[in-house]
Amino acid sequence: MLGKSITAMESFSAKEIRLVLDTAYKMKQIIRRGGDKKLSNLRGKSIVNLFYEPSTRTRTSFELAGKYLGADVVSINSGTSSIVKGESLRDTLRTIEAMGVDAIVMRHKSEGAADFAARVVKPVIINAGDGAHAHPSQALLDLFTIEQHKGRLAGLKVAIVGDILHSRVARSDVYAMTKVGIEVHFAGPKTLLPRFFDFDGVTVHESLEDAITSADVINVLRIQLERQQAGLFPSTREYARVFGINDARLSLAKDDVLILHPGPQNKGLEISSEVTYCEQSAIQEQVQNGVAVRMALLDLTLNGGEA
Ligand code: NCD
């Protein structure tokens with residue numbers, strides 16, 4: 001994977017996914033062993049985090065991942081950079097490239113921004129979310145978390161619930177999950193489901209109950225309030241009533257169903273507090289796994305690693 005830009009799950013083979021997950025297992029042990037976490041794998045490498053959209057988990061975990069591996073990491077916040085003076089994306093990328101960086105981790109509101117970056121500059125580009133298009137590191141950490149709990153991936157049923165239409169997480173999850181043999185079930189209000197969807201291994205349900213009763217995992221998506229167009233979204237009360245994942249809904253699912261949410265959560269809208277903190281919830285663990293998976297991605301793309 002040396003030199004590979006990570007822009008979407010479509011360009012990953014099942015073998016590469018396996019390599020990332022196996023590497024992430026080792027990284028997680030390092031994070032958890034306590035004491036000195038600093039490795040020298042990426043000593044002498046530099047990484048810039050370029051975020052045009054807000055982020056807590058993704059940006060911090062990429063930053064810590066690079067630092068734990070010994071790289072120099074700088075984070076640029078669009079609000080305090082020359083971006084506010086109107087500099088184009090191409091010029092900003094070229095400027096960062098000229099400083100000799102090895103990788104740019106970027107988040108942008110436009111679909112295709114990461115692919116564009118991979119075409120115009122030489123450093124490795126890692127897509128940390130581009131509009132509603134893709135969020136590959138989130139999909140990989142979802143797989144990693146599922147495998148840690150279920151001991152396998154192939155043959156599992158995952159229900160992805162909520163605002164599928166605007167979700168880059170759902171899109172990347174679908175490609176990642178179907179490549180490893182997971183059966184995906186989408187559920188959400190009709191207006192928030194993809195309109196023309198024909199994808200092997202994916203079933204679309206308008207009824208939440210149909211999707212969750214036999215699921216091994218429920219991945220609850222955030223309602224992307226910032227991406228809604230007029231008329232697509234019912235009231236928040238109506239949404240919570242029909243599609244919110246709460247204790248009553250959880251009781252319809254398997255006893256050992258695993259609950260995921262990429263964060264940030266709209267509490268009381270798509271998910272209730274009781275579900276977030278219930279025994280089956282791995283939401284907090286997803287955050288730690290995010291660091292391990294991002295360490296794996298940085299190590300494999302900047303240091304090499306064969307699939
Ligand atoms: C996701 C994102 O930004 O796409 N969050 C994240 O990376 N943890 C999901 C979301 O914002 O809803």
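The values are calculated or read from the model by the stated rules, or taken from the named source; none is laboratory data. These figures come from a predicted structure and were not determined experimentally. Heads up, the Cβs are rebuilt from the backbone with ideal geometry, glycines too, and the neighbour counts pull from every protein chain shown. All accessible areas refer to the heavy atoms of the entire protein, side chains included, with ligands and DNA or RNA removed. Shrake-Rupley method; radii C 1.70, N 1.55, O 1.52, S 1.80 Å.
Worth pointing out:
- Protection proxy ranking, highest mean first, for peptides 64-73, 37-46: 64-73, 37-46, where packing is the per-residue count of other beta-carbon atoms within 10 Å, averaged.
- Solvent exposure, largest accessible area first (probe 1.4 Å, DNA, RNA and ligands not counted), of ARG171, ARG94, ARG119: ARG119, ARG94, ARG171
- Other residues within the sphere of radius under 15 Å centred on the Cβ of PHE233, judged by their own Cβ, net out at +1 (K and R +1, D and E -1).
- Residues of the chain: accessible area per residue with a 1.4 Å probe, Å²: 43 Å²
- When only Cα pairs below 8 angstrom with a gap of at least 6 residues are kept, the chain shows a relative contact order of 23 percent.
- For the stretch 255-307, relative contact order (Cα pairs under 8 Å, six or more residues apart, normalised by length) works out to 36 percent.
- Highest to lowest packing among 247-256, 6-15, scored as the average C-beta count within 10 Å: 6-15, 247-256
- Here the accessible area is traced with a 1.4 Å probe on the protein chains. For the chain, carbon and sulfur cover 49 percent of it.
- 28 Å Cα-Cα reach of LYS26 towards lysines, excluding residues that sit fewer than 8 places from it in its own chain: LYS4, LYS15, LYS37, LYS38, LYS45, LYS67, LYS150, LYS157, LYS179
- The stretch 136-286: relative contact order in percent, alpha carbon pairs under 8 Å with at least 6 residues between: 24 percent
- Largest-first ordering by accessible area, 1.4 Å probe, given options MET1, MET295: MET1, MET295
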